[in-house]
1. Would you pick out the residues in segment 61-113 that are among the β-branched types (Val, Ile, Thr) and either under 19 Å from Lys35 (Cβ atoms) or out of contact with any strand residue (DSSP E or B) (no Cβ under 8 Å at 6 or more places or on another chain) (or both)?
2. So the check is Cβ under 7 Å with 6+ separation or different chains; which pairs have a first residue in segment 99-112 that's at positive phi and a second one that's surrounded by 14 or more Cβ atoms within 10 Å (Cβ to Cβ) and not in a strand (DSSP E or B)?
3. With respect to the numbered conditions (1) surrounded by 18 or more Cβ atoms within 10 Å (Cβ to Cβ); (2) at pLDDT below 95; (3) of a type in the set (A, V, I, L, M, F, W, C), which one is the sole condition not fulfilled by Ile131?
4. Inspect segment 10-25 for any residue being of a type outside the set (Asp, Glu), surrounded by 13 or more Cβ atoms within 10 Å (Cβ to Cβ) and modelled with pLDDT under 85 and give the result as yes or no.
5. Select from segment 55-67 the residues that are at pLDDT 95 or above and either among the hydroxyl-bearing types (Ser, Thr, Tyr) or surrounded by 19 or more Cβ atoms within 10 Å (Cβ to Cβ) (or both) and list them in ascending order.
6. So which residues in segment 101-128 are farther than 26 Å from Thr57 by Cα and surrounded by 15 or more Cβ atoms within 10 Å (Cβ to Cβ), if there are any at all?
7. Tally time: how many residues in segment 35-69 are within 15 Å of Tyr134 (Cα to Cα) and in contact (Cβ under 8 Å) with a residue 24 or more places away in the chain?
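The values are calculated or read from the model by the stated rules, or taken from the named source; none is laboratory data. Predicted model, so just to flag it, every value in this text is computed and none were measured. All Cβ positions, glycine included, derive from the backbone under ideal geometry; neighbour counts span all protein chains shown.
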Amino acid sequence: MIRTIAFGAALFGATVFAGAAFSQIGPDDSGAGTKLGMAQQNNSGEVGSVTLFRRGTGSTLVILTIHSEPPGRQQPAHIHRGHDCSSIDPKPAYGLAPVINGISKTLVQAPETKLLSGNYVVNVHASTQQIGLYVSCGELYH
């Protein structure tokens, strides 16, 4: 019984310590992030959110959460220049990690204020083979 309690306490302490280390944020980051919607495109049914977290003065953690992504698929994602999802520059401004199992996390080397200036959108593509087919889009603005 004592060993079980000691093991549980050690496990709890390690979990709390690991959680505290993971959740550290920069002094200029409230930690709240900016969460915006991702709308389906081309009748894909893929909707979700894009959340931006300031990381220092020149970096932003971008997290995509996409629902209804087909199982086992890797979908490329990018930040493109554009004011809305209907008119974007097809050349990506920033690459993002592919969406796998509905999630993409990327540290982008651009300040959050720049990404939220109203001049960028996030697009998720159907696949690398169908890169021209957009399945989800989110407009970045503050």
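1. Hits for segment 61-113 are Val62, Ile63, Thr65, Ile66, Ile79, Val99, Ile103, Thr106, Val108, Thr113.
2. Gly102/Glu69
3. Of (1) surrounded by 18 or more Cβ atoms within 10 Å (Cβ to Cβ); (2) at pLDDT below 95; (3) of a type in the set (A, V, I, L, M, F, W, C), only one is false for Ile131: (1).
4. Yes, that holds for at least one residue.
5. Ser59, Thr60, Val62, Leu64, Thr65, Ile66, listed by residue number.
6. Correct list: Gly102, Val124, His125, Ala126.
7. Residues meeting the conditions: 14.
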